[in-house]
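Structure record follows, encoded as structure tokens.
Where a number appears in this text, it was derived from the coordinates with a stated rule and is not lab data. Because the structure is a prediction, the values reported are computed rather than measured. Cβ placement follows ideal geometry from the backbone for every residue including glycine, while neighbour counts extend to all protein chains displayed.
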Amino acid sequence: MPKKRGGRGARERILKATVELFARDGIHATGVAKVTEVAQVSMRTLYQHFPSKEALVGAYLARLESDPNGPAEIETVLTRGDLDPRDRLIALFAEPAEPAEPAESGAPAGDAAAGSVVRGCPFHNTAVEAAGAMPDAAAFVERHKRELTANLIATAEAAGADDPERLGRRLAVLFEGARALATSLNDPYPFEDARHLAVTLIDDAIGAGASG
């Protein structure tokens, strides 16, 4: 067992351990004792920074949302200045950049992801685990998803779509569905189908907007 150490940087170590463990293993499956072990802090130190597990979940979600290189990195493509609006919308449907975690030996996996685990959307996964148990976490995820849809609508408008709200909402459904199916099948291939559908939706909407 590693020696426990608190002091300077303890909160950051706790947050890093939380992101790693919650995103990989799930919230309910990760006890605070495991977080303290990975973060190399005492239980007392953890509770000095986060008075409850729900407070830890809230900090985890905030870190996911603010970290451009974290598990939710794929969503940051909508803010990239080096791509035009159409390309930003399409790039959202690229295969997730986060590496798949190795699966346990002998565990079944999809053909395209043999031997690895597709984790999916950490916000969606949190919402599923938080249902009825962590209202603040559920509210955080709802707000995040609504803002993602709003960003899609704004990007669709910048791309010249004839009906930006309709296109943005449809792309949100397509994006969330692809991530959920990829997780269920443990295979990233749904993103390939979703990308083709997204291109069709986007070009039809932009073409209609341009002709109008």
- Roughly speaking, what is the centre-to-centre gap between segment 116-137 and segment 34-58 when only Cα atoms are used, to the nearest Å? 19
- Taking the simple approach of a point 7 Å from Cα along Cα-to-Cβ for both Arg166 and Thr76, what is their distance in nm? 3.4
- Note on the structure: Listed by chain and number, the residues whose amide H is under 5 Å from that of Ser116, excluding neighbours fewer than 5 places away on the same chain and using placed H, are Ala103
- Message: Please rank Asp82, Asp187, Asp25, fewest neighbouring Cβ atoms within 10 Å first, as an exposure proxy.
- Response: Asp82, Asp25, Asp187
- Task: Could you list Ser116, Ser42, Ser66 in order of exposure, starting from the residue whose Cβ has the fewest other Cβ atoms within 10 Å?
- Result: Ser66, Ser42, Ser116
- Using θ = phi - 60° and the Karplus curve 6.51 cos²θ - 1.76 cosθ + 1.60, what whole-Hz ³J(HN,Hα) does each residue of segment 202-207 get, with Gly and Pro shown as x? 5, 5, 5, 5, 6, x
